[in-house]
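See below for the structure under consideration.
Read the figures in this text as sums done on the coordinates, not as results from a lab. What you see is a predicted model; the values in this text were computed from it and never measured. Here Cβ is always computed from backbone atoms with ideal geometry, including for glycine, and neighbour counts include all displayed protein chains.
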């Protein structure tokens with residue numbers, strides 16, 4: 001049986017080519033906006049690199065689903081850390 005306990009997670013997202021795929025990443029994040037507590041995005045000037053740190057509060061399955069959906073996009077790297085507490 002899956003746990004319905006809400007967890008806090010920190011998700012780091014690196015987009016290697018912002019121009020082509022940022023809209024898809026944004027679409028997925030917007031679809032999960034009720035899970036997002038805070039989000040900070042930083043584009044790197046002069047490079048095709050865009051990073052985002054997202055703090056989530058959700059069931060572990062929802063966090064895993066979001067991470068999986070984002071990581072399916074070419075040129076997107078996602079790392080997720082669950083925070084106990």
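Available extension along the chain between residue 16 and residue 79 is 21.3 nm, counting 0.36 nm per residue and deducting the alpha carbon span. Can you tell me the 0 to 90 degree angle between the C-alpha axis of helix 18-31 and the longest principal axis of the chain, rounded to 10? Approximately 20 degrees, to the nearest 10.
Using the 2.2 N^0.38 Å rule of thumb for compact globular proteins, work out how the range 6-83 stacks up: its C-alpha Rg over that value, please. Relative to the 2.2 N^0.38 Å estimate, the range 6-83 comes out at 1.03.
Each Cα pair under 8 Å and six or more residues apart adds its sequence gap; the mean of these over the residue count of the chain is a relative contact order of 48 percent.
Exposure proxy for 81, 11, 16: other Cβ atoms within 10 Å of each Cβ, ordered fewest to most, give 81, 16, 11.
Remark: 71, 41 ranked as 71, 41, counting other beta-carbon atoms within 10 Å and listing the fewest first. Sorting 15, 8, 54 by the number of Cβ atoms found within 10 Å of their own Cβ, with the fewest placed first, yields 8, 54, 15.
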